[in-house]
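Report on the following structure.
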Amino acid sequence: MEKIILSGLLPQEIGEKLGLSKKFRANQIFKWIGTGVSDFDKMTNLSLDLRNELKEKAELRSSKIENVLKDPDGTIKLQIKLNDGNIVETVLLTDKEGRKTACVSCQAGCAMKCAFCMTGTLGLSRNLEAYEIVEQFLYLEETSGKLDNIVFMGMGEPMQNLSAIRKAIEVLCHKDGRALSSKRITLSTCGIIKGIYDLADNGPHIRLAVSLTTANEDLRREIMPVTAGNPLAELKKAIAYYAEKSGKRVTLEAALLGGKNTDDISAKNMIDFARGADVNINLIPWNPVKSLPFTEPTSTEVKTFVSKLERAGLNVTLRTRRGRKIGGACGQLGKTVKDLQN
């Protein structure tokens, strides 16, 4: 008999699937899972007989940590092996104030083929289940202590697996479990308009980030194929709709590519796109991937681009690049251990 995986279940579901007659037992199990317990024997308020029964019927987690990679800057990347052999990566990011953020994956690989992203070269293997998303967060807490935030910015396009993400959020935010605040959750999309409207209309109203990279339609089609079915004019309308429905300011993200999207015209296009919208601009100089045909922008390119946006009255943040030595920085996920050693 295939065992029941508990990490992605709510208390009522745990009770139903395990056939527990006493509701409070399911709540106890759920609470233990939220605290990071990965062994039934550590659930000390359950009887020995019940713990043994649980071992026969269920598994607390479906995946295992394959590798732990640590960057001198404090970034940690976990390569997690799923039960079908796929490997996904999740990253711990720590900011200057010491706040810890889990950057989690929602797919094994990615189908979006963004030209500047390592994950985009892998193709899509499959969507992750809700429990496989929850487990990434639990493994990071097990490795690094209590986390402050979670961002869906790892491997994969969240809007293509929104149902599993919703379930994972429901589990992580449940008051009787991990009780993470929904205010501490961000989802990043490459700009799938249908998904933005879905999230706006059906929730949860978490923070939304859109990987814009460039507001030049032709260039964006070239480096982000998703643009063909999600044109910029319609994307801007969807962003405005989400901001209105959720009451939250949307973040526009841009990977700055040397000599590609940092010139005066690129700055003007981004200013025009952001004008009148309730947005923040999040810029990050491109992180190198040897197999991809791009270069890092110079410090002068970056400073000039930031200055032009700020002079136009936009709220701009230049992100610090972290985790580059372990392939854990933005756009680098999917590098193998062998890649990192070369």
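The values are calculated or read from the model by the stated rules, or taken from the named source; none is laboratory data. All figures in this text were calculated on a predicted structure; none of them were measured in a lab. Neighbour counts run over all protein chains shown; Cβ positions are idealised from the backbone, glycine included.
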> Do we find a residue being touching a strand residue (DSSP E or B) at 6+ places or on another chain (Cβ under 7 Å), in a helix (DSSP H, G or I) and among the β-branched types (Val, Ile, Thr) anywhere in the stretch 178-187?
Replying inline: no
> Of these, ASN287, ASN269, which one is within 25 Å of PHE152 (Cβ to Cβ) and in contact (Cβ under 8 Å) with a residue 24 or more places away in the chain?
Replying inline: ASN287
>> Just to be sure I understand, how many residues within the stretch 19-60 are within 31 Å of the chain's Cα centre (by Cα), hydrophobic (A, V, I, L, M, F, W, C) and in a helix (DSSP H, G or I)?
In response: 6
> Of all residues in the stretch 71-109, which are farther than 19 Å from LYS146 by Cβ and among the hydroxyl-bearing types (Ser, Thr, Tyr)?
Replying inline: SER105
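Here's the yes/no breakdown for (1) in contact (Cβ under 8 Å) with a residue 40 or more places away in the chain; (2) at negative phi; (3) outside any loop (DSSP other than H, G, I, E, B):
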residue: ALA215; (1), (2), (3): yes, yes, no
residue: GLU222; (1), (2), (3): yes, yes, yes
residue: THR227; (1), (2), (3): no, yes, yes
residue: ALA238; (1), (2), (3): yes, yes, yes
residue: TYR242; (1), (2), (3): yes, yes, yes
residue: THR251; (1), (2), (3): yes, yes, yes
residue: ALA254; (1), (2), (3): yes, yes, yes
residue: GLY258; (1), (2), (3): yes, yes, no
residue: THR262; (1), (2), (3): yes, yes, no
>> Any residue at all in the stretch 66-74 that's buried (at least 17 other Cβ atoms within 10 Å of the Cβ), closer than 30 Å to ARG220 by Cβ and either assigned by TED's automatic domain parsing to the domain that holds LEU257 or of a type in the set (Ser, Thr, Tyr) (or both)?
In response: no
> Do any residues in the stretch 1-12 that are modelled with pLDDT of 95 or more have Cβ atoms under 6 Å from those of residues that are of a type in the set (Phe, Trp, Tyr) and assigned to a helix (DSSP H, G or I), where the two are at least six apart or on different chains, and which pairs are they?
Replying inline: ILE5/TYR131; SER7/TYR131; GLY8/TYR131; PRO11/PHE30
